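The values are calculated or read from the model by the stated rules, or taken from the named source; none is laboratory data. Quick caveat: nothing in here was measured; it's all calculated off a predicted structure. When we count neighbours, we look across all protein chains shown, and the Cβ atoms used for this are built from the backbone with ideal geometry, even at glycine.
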Ligand SMILES: Cc1cc2nc3c(=O)[nH]c(=O)nc-3n(C[C@H](O)[C@H](O)[C@H](O)COP(=O)(O)O)c2cc1C
């Protein structure tokens, strides 16, 4: 099974669009993708997936998006060992703390034992076609890594 959970926090929909592009890549690689808004999810749900993509936009000088902030606090103590993961989020280089939330997700995933398979994915404001294609490829890569882990070549 290659079940990928894509959890995001977004104020104006940009990070949600990134989540959707990642999901389309997961599906293209033969996995299943569930997209969850963290405003309506519990961190324990992370445990039921084989791979994870966690996303938050950055607000207020380097902070998590507000729903993700609550979600992240409740992630304390989760055991994410054995899970492949990617951090992502929309952000804006006009701000000094460019994409800080994405970097914080990266650290958090590693701290809880997940293996991040790509550099933090920082998309500038609303994703354009090239960004969506890039996120699609990253989604495919995530699914392929999970599939490879589950059926290693003999
Ligand atoms: C008041 C305000 C503060 C922001 N602070 C940051 C910041 O510190 N770093 C950053 O990279 N982007 C910052 N941004 C940009 C947002 O992250 C960006 O608009 C993003 O596309 C919002 O994504 P969302 O629709 O998924 O919430 C800020 C935007 C606003 C309006």
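Per-structure values
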| read-out | value |
| --- | --- |
| Candidate set from the stretch 81-96 (those that are without any contact (Cβ under 8 Å) to a residue 60 or more places away in the chain and surrounded by 20 or more Cβ atoms within 10 Å (Cβ to Cβ)); member that is farthest from the ligand (Cβ to nearest atom) | 83 |
| Total residues in the stretch 102-129, condition within 11 Å of the ligand (Cβ to nearest atom) and in contact with a helix residue (DSSP H, G or I) (Cβ under 7 Å, 6 or more places away or on another chain) | 5 |
| Answer residue from the stretch 1-17, given it is part of a strand (DSSP E or B) and within 12 Å of the ligand (Cβ to nearest atom) and is surrounded by the most Cβ atoms within 10 Å (Cβ to Cβ) among those | 8 |
| Close pairs (6 angstrom Cβ cut-off, 6 or more residues apart or separate chains): more than 19 Å from residue 61 (Cβ to Cβ) in the stretch 97-126, within 8 Å of the ligand (Cβ to nearest atom) anywhere | 123/18; 123/90; 126/14 |
| For residue 59: the one exception among (1) within 12 Å of the ligand (Cβ to nearest atom); (2) in contact with a helix residue (DSSP H, G or I) (Cβ under 7 Å, 6 or more places away or on another chain) | (2) |
| Residues of the stretch 133-154 satisfying the condition of being touching a helix residue (DSSP H, G or I) at 6+ places or on another chain (Cβ under 7 Å) and surrounded by 18 or more Cβ atoms within 10 Å (Cβ to Cβ) | 135, 136, 138, 139, 140, 142, 143 |
| Selection within the stretch 7-26 - closer than 19 Å to residue 46 by Cα and without any contact (Cβ under 8 Å) to a residue 60 or more places away in the chain | 16, 20 |
| The stretch 142-153 - residue that is at pLDDT 95 or above and in contact with a strand residue (DSSP E or B) (Cβ under 8 Å, 6 or more places away or on another chain) and, of those, nearest to residue 58 (Cα to Cα) | 142 |
| Criterion: touching a strand residue (DSSP E or B) at 6+ places or on another chain (Cβ under 8 Å), more than 9 Å from the ligand (Cβ to nearest atom) and part of a helix (DSSP H, G or I) - qualifying residue of 20, 44, 34 | 20 |
| Yes/no for residue 96 being in a helix (DSSP H, G or I), out of contact with any strand residue (DSSP E or B) (no Cβ under 8 Å at 6 or more places or on another chain), farther than 17 Å from residue 137 by Cα and modelled with pLDDT of 95 or more | no |
| Residue in the stretch 49-56 that is within 16 Å of the ligand (Cβ to nearest atom) and in a loop (DSSP other than H, G, I, E, B) present | no |
